[in-house]
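Structure first, commentary second.
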Amino acid sequence: MNGDYGISEFVEFIEGFTRSLGLKRFRLVGHSIGGGIALDYALKFPHKVGKLVLVSSMCLGKEIALWVRFLSSSVFLRSLGIAAAAVLRAVKWLLNLVYAPLEFVNPLPRAKVGLGKTVTTFKEQPTVLVNRLSELMMPTLLVWGANDAIVPASQAYAAARLIPDCQVKVFEDCGHSVYKQRAKEFSHLLLKFLG
């Protein structure tokens, strides 16, 4: 994928990929922006998604963390984006020297920056699919961290009231990455739901 791309381009990719594998029906799980992609895919191809899991998903409400909006703004990306990415690479290099076994993930890789600027503005998430949630007929599980500092858990509760067959699990003392912070409990929850 070259240039700017957004959720619809990823949905097209998933459709082409699953078609090439001959998948007729499958379960779909998405986290954060991936949750927004999974949600949009499930709305466009409901006959192909047997069960849907959204983890701290975007596209369920306009509210999103200020720092995400700031980093996604076109002004920031034009003026500081490349420099910020270079600084983060330098920090990663230094951390690897000091803490060789430490895994440090660059929070601003080019793909995230490109996608981020299409799914959020300085004011809000412009891609909100909440008015279509009642169309989701497949069993759906929403998983969140109560302390999610990026996408508030209140969006999960609001979405659950609109999705006909929906379960919600909010993990206390967790943030945006429940699947990492509570890997064992998260895995059991997924296995039980998807089973």
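Pick from segment 142-163 the residues that are closer than 21 Å to residue 190 by Cβ and part of a loop (DSSP other than H, G, I, E, B): which of them is modelled with the lowest pLDDT?
That would be 150.
Can you find, within segment 41-85, the residue that is surrounded by the fewest Cβ atoms within 10 Å (Cβ to Cβ) among those that are modelled with pLDDT under 95 and closer than 18 Å to residue 141 by Cα?
If we take residues in segment 41-85 being modelled with pLDDT under 95 and closer than 18 Å to residue 141 by Cα, then 61 is surrounded by the fewest Cβ atoms within 10 Å (Cβ to Cβ).
Looking at 101, 139, which is the one that is exposed (fewer than 14 other Cβ atoms within 10 Å of the Cβ) and either farther than 30 Å from residue 47 by Cα or at pLDDT 90 or above (or both)?
101
Counting only residues that are farther than 21 Å from residue 51 by Cβ and in contact (Cβ under 8 Å) with a residue 12 or more places away in the chain, how many does segment 159-195 have?
Total meeting the criteria: 7.
The values are calculated or read from the model by the stated rules, or taken from the named source; none is laboratory data. This one's a predicted model, so the numbers in the text were calculated from it and none came from an experiment. Reconstructed Cβ throughout: ideal geometry from the backbone, glycine too, with neighbour counts over all protein chains shown.
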